[in-house]
Structure formats: structure tokens, C-alpha cells
Amino acid sequence: MIELNNVNFTYKGTDEAGLHDLSLTIPDGETLLLCGESGCGKTTLTRLINGLIPHYYKGDLSGTVSVNGRNISETQLYELAGTVGTVFQNPRSQFFSIDTDGEIVFGPENIGMSPADILKRKEQVSDDMELSPLLGRSLFELSGGEKQKIACASVSALMPDIMILDEPSSNLDWKAIDELKNIISMWKDQSKTVIISEHRLWYLSGLVDRVLFMRKGVIAHEWSRDEFAELGTEELKSLGLRPTKLEEKYIKEFGEGIFGETINAVKQYKHGKNDIQIRDMYFSYRQQKRSISEKKNSDEERTLSIPELSLPKASVIALTGKNGAGKSTFLRCLCGLEKRCKVRLEIDGTGYSRKHLLKKCYMVMQDVNHQLFTDSVTAEVCLSMKDEDTEKCDRILDSLGLLEFRDKHPMALSGGQKQRVAIASALAADADLLLFDEPTSGLDYAHMTAVAKLLKQLSSDGKAVIVSTHDPELIALCCDYVLCIEHGKVKYFREA
């Protein structure tokens, strides 16, 4: 059982309380959903349960937190390893090995289990999660969904009674989300306590026993599974939550055209004379000892093979495809980050080679921690401007609900808030082609719609915007075209 009594917590270095006088009991075997807008306290609550607060994240803590009879403040993190397991939003942040087998057995090895018991644990977890196709592989070669699966397996190998998942579906495609759902269902059948902090709610229907809605560090609403299922779309939107049925509806209506085979009745995109032209986008992560001409004529071990592609200006283009299809690589090559890709870009009749692409393109990465450099939100946004304009900066921050954080350090913000800071920097950049890699990852409904509105505004200003996404709600809200990539090639390019 998990018990929190009159808990207050304030992160060190901030004057904002993460939690206010929070009391909560989570019985053994319950599957609990934590929802609410970004920064409401969901992640802080999970950090209290797994012991990261106060042993890693420092701050002022009062009240008591007890997990299976242990006071968290008096229990070291290593002592909780076999009791509480956590799968983070970005599974790469918790990997210790370089191969899948080593990652699965890392936990049991670290607590000193015998070799025979370690192998037994590995076999059991592999069988339970059907991991055979992933064994013996490098973690660097896995897709986002496959990495998430290995992260779940490595945590499961310690056989904890409590499983915590923080935004587990944020970077997953539809198939990977379905596999994640099966894993949660398996844990539920094993009578584990499962706590899920999540914005995308549709896939959890029928799984959770109770739903807690948090706002500004307190539990504002509580529903049973049946009560939550009865909430209407408009009521959920008023709370800043994504609809529980809308995304599933989009997948059923558009899924065949977006995530699977092309619908013949949908119009394919026809080239325009003012399009941005992409030529010779060939790339492989493995170094190949061939001449350039030979590389162009061979598709062996190639991550991307796109000889020519036209992109319309003044439009928002959804870049779709399964995890591992090559979407992020496409964006990295297009903005010149991959030095071995000799792609050429033609804008308004002028050609640009790779070394000039960074001036014509701006990319918001999937993991925004890699592109936050300064000590304040204002400085971060102004950094991307040719000429610093604080008034423009404030307008952008206000449109994204970030104005109150203008003087905060970006790394002190929540995951969703960091994502919005990176988006704000992109909006401030004077680039012809704006690239977004999963921009709604970790965002609640209100901020997702705000991002969609801003992307549409950018396109109306004449910008070409490419958005790599698994989010059908975002596509329905703002995208004009859908570019689907499969195995590094263009599968289709059509109207949304």
C-alpha cells in the first residue's frame, strides 16, 4: 500500500510548490491514472513514490510518504529497487547497457542475484513480453517503441510490486501503444500496483481502476473508471484533457491513410512551381565503402533513400510512419545535422548544400534537453533571433502559456513546458523551413491545440512546416498534407 499524508513539496531553487497538502492512499493491485495539465504535479507525485524525491531531487518536503510500510525519506533508493519500478518518458534516459540482453539483466545483476536466477528472470520476462525478436540486438538500432518495450522489461526483471510509468506513450506509434497496453494489462493481471502519468488517455480505457485529476499541486477531481468513462468530450476539454474517444476515432477514420496503406480516393499531392525541392537525400548510419554513384544505385542497408521530393510552401505537412521508419533521420538530414548526407535544397530557384541548410531550416528535436542552452526562458527564445526582440519574445511566450516563466531556467521546467520553450524558439527563428519532431510529446490538450494554432499561423505566414508526429489529433487540427515514410522511402504524399 502507498500512503501520502499532508505532503507539501517545493523544489530547491524555485518559489513554486510542487505539491500542496496532498493526502492519498493507493491500495495494492490498483491501476491508477494521473492526469492534468503540464506542470500540475503529476511527475512530482511519482517521484515521491519511487524515492527520487527527496534522495535525488532536492527541496523542502513535509508530511509523510510510505510505500509498503517504508518511510520514503528514511529508505535509500537501492532499497526500493525491488519494490518500485519506473519507466520514464524517454527510455534512453534509464539505459545502462548497449545491448538488449544486458539491459534486461542489469537490475538483477546489480542487486547480486546468482547467474542461474538472473537467466531465469530474463527468460521469464522475455516470454511474458514476447521479446524474442529484440534479444541480442544493439539498443541504438531499436525504434522508439522497441526501446520502450526493453525499458519495461528491464524494470520487470526486478519483479517490483509497484510499476510507475511517466508519459509512456508520448513518442510511440499506434502499434507500439497497443503493445504497451498489453504490457500494462499483464501487470494488472499479476496484481501489481500500476501508476500511470499520462496525457493521451484513449488507450487506457478499461484498464484503469481510478483516475486522479491534478491542478496546481493538488488533487482537484477523482473518478472511478466508470465515472471517468461517462465524461463528455467538452467536459474533458474544459479541464485541459484530451478526449478519451476522439483519438481512437481519428485512428479508425484516418488510420488506413496515415498509418497504413494509402486510400486511393484521397488526392495525392501534385507538385507546384514554387515548391521547396529536395534532391539526393541518401543516408545510412553504417559507413559504406562505395562511390557516391554506387550509393545512389543501391538501397542496401540505407536508412534513407529519397532521390527527389517537392514540398509546398505555406503549408503544414505531417510526417508519419512507424517507429523506426526514418522520420527523425529525415528531419536531421534536411536541416544539415547529418554530415554524411549530401542532400541539396532548392528554395525560390536558389540551391543550398548541406552546410547552408542550418541557416534555412530550424528544427525542434524530440528530446528538447539537447537544445536548451541558456539560463532563462527569455534568453533561450531570443537566442534563435537574428536581432533580439523582447516584445516579440513575450508575445510568443504568452501564446504558449509561458510568459509567467520568462525568467525561469529552462531546465527547471516540466517536460511539457520545456517542449513549449523549444517550440517558442522555433517560432522566433526566421527560417524558410521549420521542422518539428514530435512537438506534442508530453503536452496536454490545451497546449496541443495552442501548438496546432501556431503551426497554422506559421504556414499562413508563408513558412513550410514539417511535423513528425504519431498524434492523429494534431494532424486533424492543423495539417494540410501527410507525408508517409516507410523503410526510409516515401510511401505516399497526399492531402490530409
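Quick look at the numbers
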| read-out | value |
| --- | --- |
| Only one of S132, S156 that is within 26 Å of N110 (Cα to Cα) and over 23 Å from the mean Cα position of the chain (by Cα) | S132 |
| Complete set of residues in the stretch 402-443 that are among the hydroxyl-bearing types (S, T, Y) and closer than 20 Å to T43 by Cα | S414, T440, S441 |
| Candidate set: the stretch 1-32, residues that are free of Cβ contacts under 8 Å to residues at least 40 places away in the same chain and under 28 Å from the mean Cα position of the chain (by Cα); chosen: the one nearest to I219 (Cα to Cα) | E16 |
| Within the stretch 360-386, tally of residues that are outside any loop (DSSP other than H, G, I, E, B) and either touching a strand residue (DSSP E or B) at 6+ places or on another chain (Cβ under 8 Å) or of a type in the set (A, V, I, L, M, F, W, C) (or both) | 12 |
| Any hit, the stretch 97-111, residues being assigned by TED's automatic domain parsing to the domain that holds G29, among the acidic types (D, E) and within 30 Å of F9 (Cα to Cα) | no |
| Some residue of the stretch 17-26 being polar (S, T, N, Q) and surrounded by 17 or more Cβ atoms within 10 Å (Cβ to Cβ) | no |
| When residues of the stretch 1-48 are limited to those that are of a type in the set (S, T, N, Q) and out of contact with any strand residue (DSSP E or B) (no Cβ under 7 Å at 6 or more places or on another chain), the one modelled with the highest pLDDT | S38 |
| Every pair of residues 6+ apart whose Cβ atoms lie under 6 Å, when the first sits in the stretch 185-203 and is surrounded by fewer than 18 Cβ atoms within 10 Å (Cβ to Cβ) while the second is of a type in the set (D, E, K, R) and outside any loop (DSSP other than H, G, I, E, B) | none |
| Extreme residue, modelled with the lowest pLDDT, among residues of the stretch 186-232 that are of a type in the set (K, R), touching a strand residue (DSSP E or B) at 6+ places or on another chain (Cβ under 9 Å) and part of a loop (DSSP other than H, G, I, E, B) | K216 |
| Test set (1) in contact with a Leu (Cβ under 8 Å, 6 or more places away or on another chain); (2) of a type outside the set (F, W, Y); (3) in a helix (DSSP H, G or I) - E235 fails condition number | (1) |
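Residue by residue, here is whether (1) at pLDDT below 85; (2) surrounded by 14 or more Cβ atoms within 10 Å (Cβ to Cβ); (3) more than 20 Å from L458 (Cβ to Cβ) holds:
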position: L304; (1), (2), (3): no, yes, yes
position: A318; (1), (2), (3): no, yes, no
position: N323; (1), (2), (3): yes, yes, yes
position: L345; (1), (2), (3): no, yes, no
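Okay, residues lined up against (1) in contact with a Phe, Trp or Tyr (Cβ under 7 Å, 6 or more places away or on another chain); (2) surrounded by fewer than 21 Cβ atoms within 10 Å (Cβ to Cβ):
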| position | (1), (2) |
| --- | --- |
| N68 | no, yes |
| G82 | no, yes |
| F88 | no, yes |
| P91 | no, no |
| S97 | yes, yes |
| S114 | no, yes |
| D127 | no, yes |
| S132 | no, yes |
| L172 | no, no |
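The values are calculated or read from the model by the stated rules, or taken from the named source; none is laboratory data. Note that the structure is predicted; figures quoted are calculated from it, not measured. Don't worry about glycine lacking a Cβ; one is built from the backbone with ideal geometry, like all the others, and counts go over all protein chains shown.
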